[in-house]
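Asks: Have a look at this one before I ask anything.
The values are calculated or read from the model by the stated rules, or taken from the named source; none is laboratory data. Remember, predicted model here, so these are calculated numbers, not experimental data. Cβ: placed from backbone, ideal geometry, glycine included. Neighbour counts: every protein chain shown. The area values use the complete protein model at the heavy-atom level, side chains included, leaving out ligands, DNA and RNA. Shrake-Rupley method; radii C 1.70, N 1.55, O 1.52, S 1.80 Å.
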Amino acid sequence: MTAIQSPPPRQDRPRLRTDPSGSWRAWPLRDRILLGLCWAAGLFLIFVAAAITLYMAFKGIQFLRPNLLWTRPEAAIDQSKSGGFLDPMLGTLLIIVGALAIAAPLGIATAVWLTEYGKPTWLARMVESGVEVIAGTPAIVLALFGLAFFSQGGLGFLSTTGEGGAVFGRSLLICCTVLSLEALPMIVGATREGLMSTPRHVREASYALGKTRAATIHRVLLPTARPNIATGCALGMGRVAGDTAVVLLLGGGTLQLAANGSIPGLNTLQGTGSTLTTYVYANSPSGEGGAPEKAYAAAFLLLLLVLALNWAVDRIARGDGRLGWIR
Amino acid sequence: MSWWSDRRVGPALGSAGVLVLLIIAGMAVYVTKEAWPSFSANGLAWFGSGGDANVQLAEIFRSAPPFEYTLRAWPLVYGTALAAGGAVVAGLVLSILAALYIVAFAPPSITRILEPVVRLLAGVPSVIYGLIGVLVLVPFVNDHLISTERKESVFYVIQLTGQSLLIATALLTIMIVPIMISIAVDALRSVPSSWTEGALALGANRMRVMWTIGLRASRPALVAGAVLALARALGEAIMLAMVSGGVIFSPNLLDGPTFFFEPIQPFAAAIVQGAEGITVKPFGSTLFAFAAVIMVSSVGLSITGSVVRRRLRKFAA
Amino acid sequence: MPPPPIRRIVVDAPHVPVAPPEPLEAAVRARPRLATDAVERMRVEDLTIAYGPKVAVNGVTLPVHQGEVLALIGPSGCGKTTLLRSLNRLVELTPGAGRGGKIVLDGDDVDVIEVTDLRRRVSMVFQQPNPFPMSIFDNVAYALREQGSKRVKRSELMAPVRSALERAGLWDEVGDDLDRPALRMSGGQQQRLCIARALAANPEVLLLDEPCSALDPRSTAIIEELILQLREELAVVIVTHNLQQAYRIGDRVAFMYLGELVEYGLAADVFERPEHTRTAEYVSGAFG
Amino acid sequence: MPPPPIRRIVVDAPHVPVAPPEPLEAAVRARPRLATDAVERMRVEDLTIAYGPKVAVNGVTLPVHQGEVLALIGPSGCGKTTLLRSLNRLVELTPGAGRGGKIVLDGDDVDVIEVTDLRRRVSMVFQQPNPFPMSIFDNVAYALREQGSKRVKRSELMAPVRSALERAGLWDEVGDDLDRPALRMSGGQQQRLCIARALAANPEVLLLDEPCSALDPRSTAIIEELILQLREELAVVIVTHNLQQAYRIGDRVAFMYLGELVEYGLAADVFERPEHTRTAEYVSGAFG
Amino acid sequence: QSKILMSGSTSVYPLTVDLIKAYKKKNPNTKFSVSQGGSDVGIGDVARKRVNIGASSRDQQAGDPGGLTFTKIARDGICVVTNPANSIANLSQQNVQDIFAGKVRRWEDVPGSKVTGPIALNVRTESSGTQDAFRNIFMGPSLRVTPSASQKATNGLVQAAVQNDKNAIGYVDINFISGTYPVPYKGVACNLRNAKSGQYPGVRNFWYVTVGAPKGEVKKFIDFARSSSVQSSVVAKHYVPFK
Ligand SMILES: Nc1ncnc2c1ncn2[C@@H]1O[C@H](COP(=O)(O)OP(=O)(O)OP(=O)(O)O)[C@@H](O)[C@H]1O
Ligand SMILES: Nc1ncnc2c1ncn2[C@@H]1O[C@H](COP(=O)(O)OP(=O)(O)OP(=O)(O)O)[C@@H](O)[C@H]1O
Ligand SMILES: [Mg+2]
Ligand SMILES: [Mg+2]
Ligand SMILES: O=P([O-])([O-])[O-]
């Protein structure tokens, strides 16, 4: 018998092979050309992103003055007197928080219902398509819908009312409501992804112990899916922070946050205001603000915000390399 | 009955889903209602061509009761299709190459850069793309790419200012390509490894494996990605309003390369462009008609996309 | 060099008796016949389960006795897991799954028992150890707490948790640090934790789906011993693809093939004197 | 009724010889001793494979002979698949996988052979049948087409495709409709198609990873016979968890445990006269 | 404590903000809420009684809802602008009409032009008050701007286009001329002084629009804005007093 004795275990780590593609030199020309094109596409995207970031950083740092951060914007013909963008920054924060406060519960509930209950099936399928539809509906359509819908009688509490109870129909709160629709599909998508990627046997283990679905969701599934939910929220926040069309049409277009109503806190939301995006828009040549330098500075801040949210997504997802849910 | 009973929690959660449906129904109803006068006054001719849409819009805006609604929106349809279609075609090529690169060929260090890059490109607000377009790209194209002769060759029909189909399509491509990449990457990654490994084990090189197995199996996802990206491109308003030229015009293919430098005005941009006049009844109703067209097409597209994707899921299982 | 001659598998050949696993032979032979009057805990009657058009379990009738271990064997995909999951109605969670026939627990149709009750009385352990991402204590206490709440005081739960861990033979190993995350334990410990978790609610029937297939020999031995101890208090049904294991711990064995119950009987009978050719082939390793 | 006595698994006990599978005993005894001068096709030397920090294969040295079937056995997760996949460098596809030691094919280090060449010479069949989503013809022609860079006409490929299907014993069943989607075939046919696909490129070594574990007895028998025929032309390495199968078709058997090669030798020796306790335990079914 | 809701023209917005500041010094208890959106948004809002005052930078027109009162609060200059590289000495009304109606398409055909090549026309969108004023003042009711002209949604876009293109011409609010060359019209330079003095003819009106005649607090505010002291101190800084 030719039994071979195994040698004692090796102490050194095996050498690592990092480039399994090393053999591309032996490929046919056609495949090498395609490989070149793939590299070109990848590098082109990096170039575009770098160009945008660097250009905005260059312009932004060139024009960003500390006092812009804490002075309030003014409507002024003379640009040196038109102030900074404190209010748009606060407006952006308010809108992010407000939209998330509406979208997160709604989105998580919808996602949980879809994955864990989903009965009756026809309704689930309709809701599923409904979420897809919202994801595919352009912001400008949502904005016009908001314009027509929120000036209805009875919805005055969302903004303010003129004499005779006519509803003004434009406020930060209305922006939040409409923008929550933009964040909704991302939260639903990410939550569903998290729930669905929780191994089936984990939830079955809970059912097998005589727990209801509801209890399982509460104690096992939601804690497990928390990173996905957070990712979805971060992506949704990015989407909300970056929106221009909705705030342009529904934000009322005041530069400063103008509170409306009597309940402190809520009245700011009921009032009008601006966000970084509309500030950029208004001060780009596209608006009447006419201060491109300040537009650049604010755009740079906006980009930093987007980068920060991206970074958060990265951290939450722990670089598991998924590009999902961008839409 | 305990608080955590399914009979209580199920319907409670389900009502969130129903709320989503109600919102969509509300949206469809309101937009259609507002748009109705414009459609009913024009009938199907609304989508046709004839006259100058710029002039027609001006007439609509200025009209006194009984209002004028006559509009032949073909140039807007055409402009929308050109910009969005062009962006999707360019985006398809770019995204396939980039997705292959990310999934199969990029060194891990570059993949680690590329994934945030793709997410960043998806996250950059459209107003920043517009800002760069209007302050950097438009002057550049006007100064360096459009010669005086070219301007003069068409100046009885349209003036070339740099705001053009070219820039609109290029920026739109950059804006939608991340969606397509993310879907293509997901699809390529979810191609069963038994197939790719099977092909590799037969001695096919990795590029061939990606083409003959990976892309082949991902075709439904590529279609879905293109469809969703198309929906996104149809609805992009702010950036296009900033760079696309501010005049409703149908670029003419017979003009040769000049075609790319001619301005367009997609529906979404037209809405932003006209937003100040939204409260003028006939004009507002015309803008809502634009929105309705976008809404119907993007709803159609996203349903198509989700159907394709659902197919894909079945097929992958 | 000419290759050695081809040795064919003789399909559908008349059966040849199979020897029991050598090391255990003496013990098996010495084992007393089971009493025929063992209490019947559950009974499956003419059970058919289909996933959409695909019939996974086809007209199976099978009793489950108190104080015995019933081992389900059969090749991959023959419906063992499906049968097991239908006993506590877990199979209903699979969309498109449909059931025909009847399942009875202590004389009651399982359909009339409140499903959360049923699952507490008929508890289940899975192939992959699947502790929840919580502490050891919370894992075991999970079934004891009210639906979804975490309110019951720890001190009140300590006694039953300790008893469950003791019955699963885990108390000595983890008793001193119940707050450790369960996922930090070794595979064998995790699986025993899952058994403890299932035992905490004092079930009447314990279902085990290939509980040792992911474990090393030492953990396997511990768990086998544990199962044999448990059978004194409850009825045990175990699915296994390890024939020797079925022989070792099964009092009765049911052999399934393509969704049908081919043979059911005392372990020694099924392994040594199978009635059907398929059973003989399978237990002799001709396929599977 | 008192439960029957507990039968313990005796871990680390001295080994007891295992009887070969009964139906085949006569054939096995009649099998001629293998020639010791069999040509060595591949050789694994001191091979270590790690996935990140986890060592899956640890210092294995093993020859692969022309004209023989080498059966790799061992409990789940012991590194059989990993060893097999390192022979044609498929393991390099796993991110983080690292390799130490040497693998030689016909005297050349596999690292210096162009990898697509290597994989054509050392072809592999997987556990799950994995035909591509194309027609039967395209599946078999896949390796032939990808060999060159030019498009080859179907008529030119017909001869080699037919020959591969014939060697895989599939021509009679599917020869009349090669345009059928491969995914519409039965499981056994699919697996034979995968073998045909691997054979089309005329490999020198054929690797099979549990090729029958998803199949019924009839398909298993056909494939076992096929493997025994193929061994005349090439070297065959098969991973299997079915010990009887290893006994039936393996000329030599290698038993792995926790990444290490515990025992290697002629099939009859490993099964009947194992040198190590672990081997004896494993082949007698004490774990796995 | 009373409250005035306003919305409307983006051009009037800076002036409104200044007026409110001045007004609040004397009436600190009056609260204001001002949003912008365009002249037509202001007119629409006030007609639907969503706000108390709508601001408009265009004159009342036939299509406007009935029952509205337009109260003039200031006047504002509109300049025809070209790129600084093309500092034309003067444009007559005929010149302007020819250029904007598309009759003359080359700078070679414009007397006094410093550049050659095709003329790049930049005009405002139909809904803008500036466009309305330009049509009324420069083009006359019968002539229309050529449809091939690039329509810009804002003064800023026209300004940027003219800054960036030496062949460009457009018209902007007098406060948006920086970086461009304001062309003297009918021999009069386009600046605030000439507009105030009445020599420069390209002047339009800013209106506050109310439902019916202004009443109560609204009337008080509008009267305050129209008072001669405010007109000469607040309005005259950047605009033309209406009287
Ligand atoms: N969710 C499902 N949908 C459709 N078919 C299913 C589903 N689950 C199992 N099946 C099919 O039902 C049959 C029985 O499956 P089951 O899991 O019960 O087999 P098993 O005997 O437990 O196999 P194994 O030994 O591999 O665990 C199989 O053919 C399987 O393909
Ligand atoms: N991609 C991977 N990353 C990390 N660890 C892995 C990976 N693949 C396998 N392993 C680990 O390496 C060890 C050997 O795995 P391998 O698949 O070779 O076992 P096996 O003997 O083929 O098992 P089985 O009989 O279940 O197929 C296992 O412990 C497994 O967990
Ligand atoms: Mg199973
Ligand atoms: Mg394996
Ligand atoms: O005052 P405008 O309407 O032209 O901005």
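Asks: Quick check on the range E:1-25: of everything there that is of a type outside the set (S, T, Y), touching a residue at least 12 places away in the same chain (Cβ under 8 Å) and part of a helix (DSSP H, G or I), which residue is surrounded by the fewest Cβ atoms within 10 Å (Cβ to Cβ)?
Replies: Here is the first cut: in the range E:1-25, the residues of a type outside the set (S, T, Y) are E:1, E:3-6, E:8, E:12, E:14-15, E:17-22, E:24-25.
Add one more test, that the residue is touching a residue at least 12 places away in the same chain (Cβ under 8 Å), and what stays is E:1, E:3-6, E:8, E:12, E:14-15, E:17-20, E:22.
From the residues that got through so far, the ones that are part of a helix (DSSP H, G or I) too are E:14-15, E:17-20, E:22.
Numbers: E:P14: 22, E:L15: 25, E:V17: 18, E:D18: 22, E:L19: 24, E:I20: 21, E:A22: 16.
Restricting to residues being of a type outside the set (S, T, Y), touching a residue at least 12 places away in the same chain (Cβ under 8 Å) and part of a helix (DSSP H, G or I), the top hit is E:A22.
Asks: Oh, and also: Please work out if D:E260 is charged (D, E, K, R) and free of Cβ contacts under 8 Å to residues at least 60 places away in the same chain.
Replies: It is false that D:E260 is charged (D, E, K, R) and free of Cβ contacts under 8 Å to residues at least 60 places away in the same chain.
Asks: Tell me which residues, restricted to the range A:56-73, are surrounded by fewer than 17 Cβ atoms within 10 Å (Cβ to Cβ) and either within 30 Å of B:T212 (Cα to Cα) or of a type outside the set (K, R) (or both).
Replies: A:A57, A:F58, A:I61, A:Q62, A:P66, A:N67, A:L69, A:W70, A:T71
Asks: Which condition does E:D45 not pass, out of (1) within 20 Å of B:F67 (Cβ to Cβ); (2) at pLDDT below 85, if it passes all the others?
Replies: With (1) within 20 Å of B:F67 (Cβ to Cβ); (2) at pLDDT below 85 applied to E:D45, the lone miss is (2).
Rundown of residues vs (1) touching a Lys or Arg at 6+ places or on another chain (Cβ under 9 Å); (2) within 16 Å of ligand 4 (Cβ to nearest atom), yes/no style:
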{"residue": "D:V60", "(1), (2)": "no, yes"}
{"residue": "D:Q66", "(1), (2)": "yes, no"}
{"residue": "D:I73", "(1), (2)": "yes, yes"}
{"residue": "D:S76", "(1), (2)": "no, yes"}
{"residue": "D:L84", "(1), (2)": "no, yes"}
{"residue": "D:L93", "(1), (2)": "yes, yes"}
{"residue": "D:I103", "(1), (2)": "yes, no"}
{"residue": "D:D108", "(1), (2)": "no, no"}
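Asks: If you don't mind, there's one more thing I want to ask. Give the residues of the range A:219-252 that are touching a residue at least 60 places away in the same chain (Cβ under 8 Å) and small (G, A, S), sorted by residue number.
Replies: Selection gives A:A230, A:G232, A:A234, A:G236, A:G238, A:A241, A:G242, A:A245, A:G251, A:G252.
Asks: Quickly run through the range E:46-66 and pick out the residues that are in contact with a strand residue (DSSP E or B) (Cβ under 8 Å, 6 or more places away or on another chain), within 7 Å of another protein chain (Cβ to nearest Cβ) and charged (D, E, K, R).
Replies: Within the range E:46-66, E:K49, E:R50 qualify.
Asks: Across the range A:265-281, which residue is surrounded by the most Cβ atoms within 10 Å (Cβ to Cβ) among those that are among the small types (G, A, S) and in contact (Cβ under 8 Å) with a residue 12 or more places away in the chain?
Replies: Step by step, filter the range A:265-281, then rank; the result is A:S274.
Asks: D:E166: at the interface with another protein chain (Cβ under 9 Å from one of its Cβ atoms) and either surrounded by fewer than 16 Cβ atoms within 10 Å (Cβ to Cβ) or touching a strand residue (DSSP E or B) at 6+ places or on another chain (Cβ under 9 Å) (or both), yes or no?
Replies: On the way: at the interface with another protein chain (Cβ under 9 Å from one of its Cβ atoms): no; either surrounded by fewer than 16 Cβ atoms within 10 Å (Cβ to Cβ) or touching a strand residue (DSSP E or B) at 6+ places or on another chain (Cβ under 9 Å) (or both): yes.
No: the conditions fail for D:E166.
Asks: Look at the range C:47-82 and say how many of its residues are without any contact (Cβ under 8 Å) to a residue 24 or more places away in the chain and within 12 Å of ligand 1 (Cβ to nearest atom). Walk me through it before giving the result.
Replies: Here is the first cut: in the range C:47-82, the residues without any contact (Cβ under 8 Å) to a residue 24 or more places away in the chain are C:53-54, C:63, C:77.
Adding the requirement that they be within 12 Å of ligand 1 (Cβ to nearest atom) leaves C:53-54, C:77.
Residues that pass the stated criteria total 3.
Asks: Is it true that some residue in the range C:51-66 is farther than 21 Å from C:E204 by Cα, buried (at least 16 other Cβ atoms within 10 Å of the Cβ) and within 16 Å of ligand 2 (Cβ to nearest atom)?
Replies: No: the range C:51-66 contains no residue that is farther than 21 Å from C:E204 by Cα, buried (at least 16 other Cβ atoms within 10 Å of the Cβ) and within 16 Å of ligand 2 (Cβ to nearest atom).
Asks: Right, something else. Determine, yes or no, whether A:R315 is open to solvent by 30 Å² or more (accessible area, probe 1.4 Å), modelled with pLDDT of 85 or more, in a helix (DSSP H, G or I) and not aliphatic (A, V, I, L, M).
Replies: No: the conditions fail for A:R315.
Asks: Got a number for residues in the range D:122-163 being open to solvent by less than 30 Å² (accessible area, probe 1.4 Å) and within 14 Å of chain A (Cβ to nearest Cβ)?
Replies: Number of matching residues: 1.
Asks: Also: Looking only at the range B:197-208, filter to residues that are closer than 10 Å to D:Y142 by Cβ and part of a helix (DSSP H, G or I); which one of those is farthest from the other protein chains (Cβ to nearest Cβ)?
Replies: Looking at residues that are closer than 10 Å to D:Y142 by Cβ and part of a helix (DSSP H, G or I), I get B:A199.
Asks: Do we find that E:D132 is among the acidic types (D, E) and either touching a helix residue (DSSP H, G or I) at 6+ places or on another chain (Cβ under 8 Å) or within 16 Å of ligand 5 (Cβ to nearest atom) (or both) in this structure?
Replies: So E:D132 passes the test.
Asks: A further question follows. Which condition does A:E182 not pass, out of (1) within 7 Å of chain B (Cβ to nearest Cβ); (2) among the charged types (D, E, K, R); (3) within 22 Å of A:G251 (Cβ to Cβ), if it passes all the others?
Replies: (1)
Asks: Separate question: Tally time: how many residues in the range E:92-109 are more than 14 Å from every other protein chain (Cβ to nearest Cβ) and either open to solvent by 10 Å² or more (accessible area, probe 1.4 Å) or in contact with a Lys or Arg (Cβ under 8 Å, 6 or more places away or on another chain) (or both)?
Replies: 6
Asks: Also: Looking at the range C:208-228 only, could you name the residues that are hydroxyl-bearing (S, T, Y) and either within 16 Å of ligand 1 (Cβ to nearest atom) or closer than 13 Å to C:Q127 by Cα (or both)?
Replies: C:S213, C:T220
Asks: Could you check B:D255 against (1) at pLDDT below 85; (2) facing another protein chain (nearest Cβ under 7 Å) and say which number it fails?
Replies: It is condition (2) that B:D255 fails.
Asks: Quick one: which of B:A73, B:A35 is more than 25 Å from A:L184 (Cα to Cα), within 14 Å of chain A (Cβ to nearest Cβ) and at pLDDT 85 or above? Write out each step before concluding.
Replies: Values: B:A73 fails: within 14 Å of chain A (Cβ to nearest Cβ).
Just one listed residue meets the conditions, B:A35.
Asks: While we're on this one: Among (1) at negative phi; (2) out of contact with any Asp or Glu (no Cβ under 9 Å at 6 or more places or on another chain); (3) more than 8 Å from chain A (Cβ to nearest Cβ), there is one condition C:C194 misses while meeting the rest; what is its number?
Replies: Among (1) at negative phi; (2) out of contact with any Asp or Glu (no Cβ under 9 Å at 6 or more places or on another chain); (3) more than 8 Å from chain A (Cβ to nearest Cβ), C:C194 violates only (3).
Asks: Would you be able to tell me the number of residues in the range E:26-54 that are part of a helix (DSSP H, G or I) and either in contact with a helix residue (DSSP H, G or I) (Cβ under 9 Å, 6 or more places away or on another chain) or free of Cβ contacts under 8 Å to residues at least 40 places away in the same chain (or both)? Explain how you work it out, then say what you get.
Replies: Taking the range E:26-54 and keeping what is part of a helix (DSSP H, G or I), we get E:26, E:39-47.
Narrowing further to those that are either in contact with a helix residue (DSSP H, G or I) (Cβ under 9 Å, 6 or more places away or on another chain) or free of Cβ contacts under 8 Å to residues at least 40 places away in the same chain (or both): E:26, E:39-41, E:44-45.
Count: 6.
Asks: Within the range C:201-278, considering only helices (runs of 4 or more DSSP H) that don't extend past its boundaries, which have at least 1 residues that are modelled with pLDDT of 85 or more, buried (at least 24 other Cβ atoms within 10 Å of the Cβ) and away from chain D (no Cβ under 13 Å)?
Replies: C:267-272
Asks: What residue, among those in the range E:137-162 that are more than 10 Å from every other protein chain (Cβ to nearest Cβ) and of a type outside the set (F, W, Y), is nearest to B:A270 (Cα to Cα)?
Replies: The extreme case among them is E:V162.
Asks: Separate question: Do you know which residues across the range C:189-199 are open to solvent by 10 Å² or more (accessible area, probe 1.4 Å) and either small (G, A, S) or over 17 Å from the mean Cα position of the chain (by Cα) (or both)?
Replies: C:Q189
Asks: Ok, one more. Determine if the range D:172-181 includes at least one residue that is surrounded by fewer than 16 Cβ atoms within 10 Å (Cβ to Cβ), away from ligand 1 (no atom under 16 Å from the Cβ) and either within 14 Å of chain A (Cβ to nearest Cβ) or not charged (D, E, K, R) (or both).
Replies: Yes, the range D:172-181 contains at least one residue that is surrounded by fewer than 16 Cβ atoms within 10 Å (Cβ to Cβ), away from ligand 1 (no atom under 16 Å from the Cβ) and either within 14 Å of chain A (Cβ to nearest Cβ) or not charged (D, E, K, R) (or both).
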